[in-house]
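The values are calculated or read from the model by the stated rules, or taken from the named source; none is laboratory data. None of these values were measured; they are calculated from a predicted model. No Cβ is skipped: glycine too gets one built from the backbone with ideal geometry, and neighbour counts run over all protein chains shown. Keep in mind that these areas ignore ligands, DNA and RNA; they rest on the heavy atoms of the full protein, side chains included. Shrake-Rupley method; radii C 1.70, N 1.55, O 1.52, S 1.80 Å.
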Amino acid sequence: MSEGSARVAVVGGGVIGLSAAWRAAAAGFRVELIDPAPAAGASSVAGGMLAPIAEAWPGEEELLELGSASLRRWPAFAEELSAASGRCPGLRTEGTLVVGVDSADRADLDRLCDYLDRLGRSVTRYDGRQLRRLEPSLGPGVRRGLVVPGDLAVDNRAALAALRAAAEAAGVVFRTERATAVRAGEVRTEESVVDCSTAVIAAGAHSAQLHPSLSGRIRPVKGEVLRLRARAGALPPPQRTVRGPVHGRPIYLVPRDDGGVVLGATQYEAGFDTDVTLGGVRDLVVDAEELVPGLSEYALLEARAGLRPTTEDNLPVLGLLEPGVLAATGHYRGGFLLAPITAEAVVAMLRGVEPPDEVRVAEPGRWEEQPCVS
Ligand SMILES: Cc1cc2nc3c(=O)[nH]c(=O)nc-3n(C[C@H](O)[C@H](O)[C@H](O)COP(=O)(O)OP(=O)(O)OC[C@H]3O[C@@H](n4cnc5c(N)ncnc54)[C@H](O)[C@@H]3O)c2cc1C
């Protein structure tokens, strides 16, 4: 496909659709982005951790490789994004602490540490006192932790604003319409039919409704998140991302440059429900205060829920569904982490060249032999 004459229609303007649209337009394609509410989906709720090591788990080696490959691309991606948009995406490089409070949490940390050792991705074990020397806001209940220096974080909303500005500057045309179906050569919306050489489905948790090959393959997994701000006189937040299991429940605190903190996240199979529940908020607050007691003095700015677009094997779906229709969806809990490699893969596939090797595990064809779960 020759870039200048090819029309690309990207369906969905979250972190994935915006990244793909920006990079495709910057590569010379004529791009339209179709979304009734760009940047309002899961991407606006996310914590913004770029943390393949801290999130690694036995059995998810392919995801770790894919995430690590995308993490390596983030510094250059952020730099190009700043230059193209004139905005800062808020990349933070202080790293992550993974900490635990009770004996079961500490056993989980030991398992993670041993697993990373076996993969040759060693992290350092610290006791509570060493951890509090690094992050004085940690509470006395934190007794063990791992220091993961290589993981990054980004301010999700700053990054979305930068991606939108970069996409517009590169010539992406935004259409505030809802797509109803995607087929080779066209995207049908509630108002019109958009002709294109290639359509890219990047509608997050809503992708399954748009093409028969995705039907039953992408499901929403709900997550609730709180946004906090340190008030005058309160202890400052940690500099690093702090994650726990706290009594077995996963939790994280991601600091922002402006003194804000994102506290997340719950995880439920609840269909397309995006209500924030009192029980979810209670669990987050109780667990977070155990890690950083000073949070009780912080202002609560926002409570929101988002839908992680999830597949059966927790890997995304990246590739051709049929000639002229590409999927770039199913990024589950790693859409920000995986945005650079996804956008690079989409542009390679639009050009008809091989995408990065690590993306092979995300081919839609991996399910051909398996019945879908609906
Ligand atoms: C609580 C929570 C915390 C998270 N934390 C992290 C984290 O720390 N790090 C990380 O990397 N990831 C994190 N994630 C995951 C990340 O947010 C997702 O993987 C990512 O946002 C997916 O991006 P997306 O662009 O595919 O989907 P979305 O951001 O959901 O965007 C989809 C877009 O498609 C549009 N759309 C939907 N239907 C249609 C239609 N029919 N026609 C046109 N447009 C449509 C929507 O309006 C929306 O703008 C988190 C997710 C949640 C919920």
Q. Conditions: (1) over 18 Å from Ile341 (Cα atoms); (2) exposed (fewer than 14 other Cβ atoms within 10 Å of the Cβ). Leu134 meets all but one. Number of the miss?
A. (2)
(Q) Against the definition (β-branched (Val, Ile, Thr), closer than 17 Å to Gly334 by Cα, in contact (Cβ under 8 Å) with a residue 24 or more places away in the chain and open to solvent by less than 60 Å² (accessible area, probe 1.4 Å)), how does Val225 come out, yes or no? (A) yes
Q: Hand me the list of strands (runs of 3 or more DSSP E) wholly inside the stretch 64-173 holding 2 or more residues that are under 19 Å from the mean Cα position of the chain (by Cα).
A: 96-100
(Q) So Ala161 passes all but one of these: (1) under 29 Å from Ala339 (Cβ atoms); (2) crowded, with 19+ Cβ neighbours inside 10 Å; (3) at pLDDT 95 or above. Which condition number does it fail? (A) (2)
Q: Within the stretch 182-203, track down each residue that is open to solvent by 20 Å² or more (accessible area, probe 1.4 Å), among the small types (Gly, Ala, Ser) and farther than 15 Å from Pro323 by Cβ.
A: Ser192, Ala203
Q. Just for the stretch 257-272: of the residues that are assigned to a strand (DSSP E or B) and either β-branched (Val, Ile, Thr) or open to solvent by less than 20 Å² (accessible area, probe 1.4 Å) (or both), which one is nearest to the ligand (Cβ to nearest atom)?
A. Gly264
Q) Listed residues Glu289, Glu302; which is out of contact with any Gly (no Cβ under 6 Å at 6 or more places or on another chain) and in a strand (DSSP E or B)? A) Glu302
Q.
Pairs needed: first member in the stretch 309-332, at pLDDT below 95; second member anywhere, within 15 Å of the ligand (Cβ to nearest atom) and assigned to a strand (DSSP E or B); C-beta distance under 8 Å; at least 6 residues apart or different chains.
A. none
Q | Total residues in the stretch 15-35, condition over 21 Å from His206 (Cβ atoms) and near the ligand (Cβ under 6 Å from one of its atoms) | A | 0
Q: For residues that are surrounded by 24 or more Cβ atoms within 10 Å (Cβ to Cβ) and either basic (Lys, Arg) or part of a loop (DSSP other than H, G, I, E, B) (or both), scanning just the stretch 321-332, find the one that is nearest to the ligand (Cβ to nearest atom).
A: His331
(Q) Need the failing condition index for Gly28 against (1) more than 21 Å from Leu315 (Cβ to Cβ); (2) more than 12 Å from the chain's Cα centre (by Cα); (3) not in a loop (DSSP other than H, G, I, E, B), just the number. (A) (3)
**Q.** Those residues of the stretch 36-63 which are at positive phi, open to solvent by 10 Å² or more (accessible area, probe 1.4 Å) and within 11 Å of the ligand (Cβ to nearest atom), in sequence order
**A.** Ala39
(Q) Contact list please: Cβ distance under 8 Å, first residue in the stretch 175-198 and near the ligand (Cβ under 10 Å from one of its atoms), second residue of a type in the set (Lys, Arg) and open to solvent by less than 90 Å² (accessible area, probe 1.4 Å), pairs at least six apart or on different chains. (A) Thr189/Arg175
Q: Working only within the stretch 113-129, note down all residues that are open to solvent by less than 10 Å² (accessible area, probe 1.4 Å) and under 25 Å from Pro293 (Cβ atoms).
A: Gly128
Q) Just wondering, is there one or more residues in the stretch 356-371 that are buried (at least 22 other Cβ atoms within 10 Å of the Cβ) and among the polar types (S, T, N, Q)? A) no
